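First comes the structure, then the notes that go with it.
The values are calculated or read from the model by the stated rules, or taken from the named source; none is laboratory data. Predicted model only: the values in this text are computed from it and were never measured. With ideal geometry, Cβ positions are generated from the backbone for all residues, glycine too; neighbour counts draw on all protein chains shown. Ligands, DNA and RNA are stripped out before the accessible areas are found, and what is left, the full protein with its side chains, is counted by its heavy atoms. Shrake-Rupley method; radii C 1.70, N 1.55, O 1.52, S 1.80 Å.
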Amino acid sequence: MAIVYDIESALEVLRGDDVVALPTETVYGLAARVSSESAVQRIFELKKRPLFDPLIVHISKTTDISKYVLKWGKAARILAEKFWPGPLTIVAPKNPDTISDLITAGLPDVGIRMPNHSATLALINDLGEALAAPSANLFSKTSPTCPAHVATDFPNVMVLDGGNCEVGIESTVIRISEDNLKVEISVLRLGMISKQEIETALRDADLEFSMTVGKGREASPGQGSIHYQMKDALFIVPEEFEDSDVSALLKDNGYEGDFRELKFESKDPLIVARNLYSAMHELSAQSERLPATFRIAAYMRGEHWEAILDRISRASQREVE
Ligand code: TXA
Ligand code: MG
């Protein structure tokens, strides 16, 4: 597997119409130049990602927005100014001349963000073109927060090593609908930029708006209930469960004997988010195949925890939708 440390090697591969895994502050992305239809196609093939699931476009400077987006209103400007570079993706009407239907899965809107990672920002700058990049994991599996995680799913893809991801879970995704009369924000995916922070930023700018939380595939095609899966089954259990209660639950689900725990030393959601996918990858990497449990506790309250529990709860779904 090729782990590289220099931007030049990654640039060469991207210019040659191939894909490279790149660091961001949230998770590693599997990137292609937006104008390279064949490389974008390869992302879907490598990930085994259904074509109905659109890709996020990554830019390095706000002057690039107008190249890829047709309509960028006041709310979008305020939020981009406040949170970029950072883990917020804004879905807005796309420029069909630069953003293909493959990237947006045929939708008229594009999800766009400026990631907060110096290597990737420098690379996009040098390239002079935005990158389409989903998380660098197989469809419905655990997302990667370091190069080794990428290599487990894609041993033959070049990875630009940018260390461990600081945030650890994917960006908050919002759709903004703006006309002269009203601004509507719809939250499509929870993340470490909270609804409250978004509301505060808009209120501070004296903007009137309404906010809703969209649920599931109707809101955003990638928000299916099965996602982030480990190799083994994961069960969410109440904190008061004794080992015997856990064993009984597992037995009901066809598992006899031992189990493991997905757990974190810290109670700080920022630290748990940073370590979440590594802990899941570690369980998957163990040689024994045993089910895992996650104990849900009373302190896991608030929007940051909500975003983490969203990931854990979807990782625990194994039934066919
Ligand atoms: O933090 C992140 O956002 C990472 C890093 C690599 O930037 N990327 C990421 O991409 O998580 P991905 O493809 O794993 O998830 C993108 C999510 C999906 O749920 C997708 O449906 C939604 O964003 N999305 C992208 N474009 C959209 C659009 N035009 N309309 C609605 N939802 C969109
Ligand atoms: Mg993903």
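Quick notes
- Counting only residues that are within 13 Å of ligand 1 (Cβ to nearest atom), farther than 10 Å from L22 by Cα and in a loop (DSSP other than H, G, I, E, B), segment 116-142 holds 8 of them.
- Leading residue by the ranking (farthest from P238 (Cα to Cα)) among those in segment 301-318 that are touching a residue at least 12 places away in the same chain (Cβ under 8 Å) and in a loop (DSSP other than H, G, I, E, B): R318
- Where helices (runs of 4 or more DSSP H) sit wholly within segment 162-253, those with at least 3 residues that are open to solvent by less than 30 Å² (accessible area, probe 1.4 Å) and at pLDDT 95 or above occupy 195-204.
- Residues in segment 183-229 that are in contact (Cβ under 8 Å) with a residue 60 or more places away in the chain, of a type in the set (A, V, I, L, M) and within 23 Å of V27 (Cα to Cα): L188, L190, M192, I193, I198, I226.
One line per residue, one yes/no per condition, for (1) at pLDDT below 95; (2) among the hydroxyl-bearing types (S, T, Y); (3) under 16 Å from the mean Cα position of the chain (by Cα):
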{"residue": "Y277", "(1), (2), (3)": "no, yes, yes"}
{"residue": "S287", "(1), (2), (3)": "yes, yes, no"}
{"residue": "M300", "(1), (2), (3)": "no, no, no"}
{"residue": "H304", "(1), (2), (3)": "no, no, yes"}
{"residue": "Q317", "(1), (2), (3)": "yes, no, no"}
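- Verdict on Y299 being loosely packed, with under 14 Cβ neighbours inside 10 Å and hydroxyl-bearing (S, T, Y): yes
- S135 vs. criteria within 16 Å of ligand 2 (Cβ to nearest atom), modelled with pLDDT under 95 and open to solvent by 10 Å² or more (accessible area, probe 1.4 Å): no
- Checking the stated criteria, W72 turns out not to satisfy the condition of being buried (at least 17 other Cβ atoms within 10 Å of the Cβ) and touching a residue at least 24 places away in the same chain (Cβ under 8 Å).
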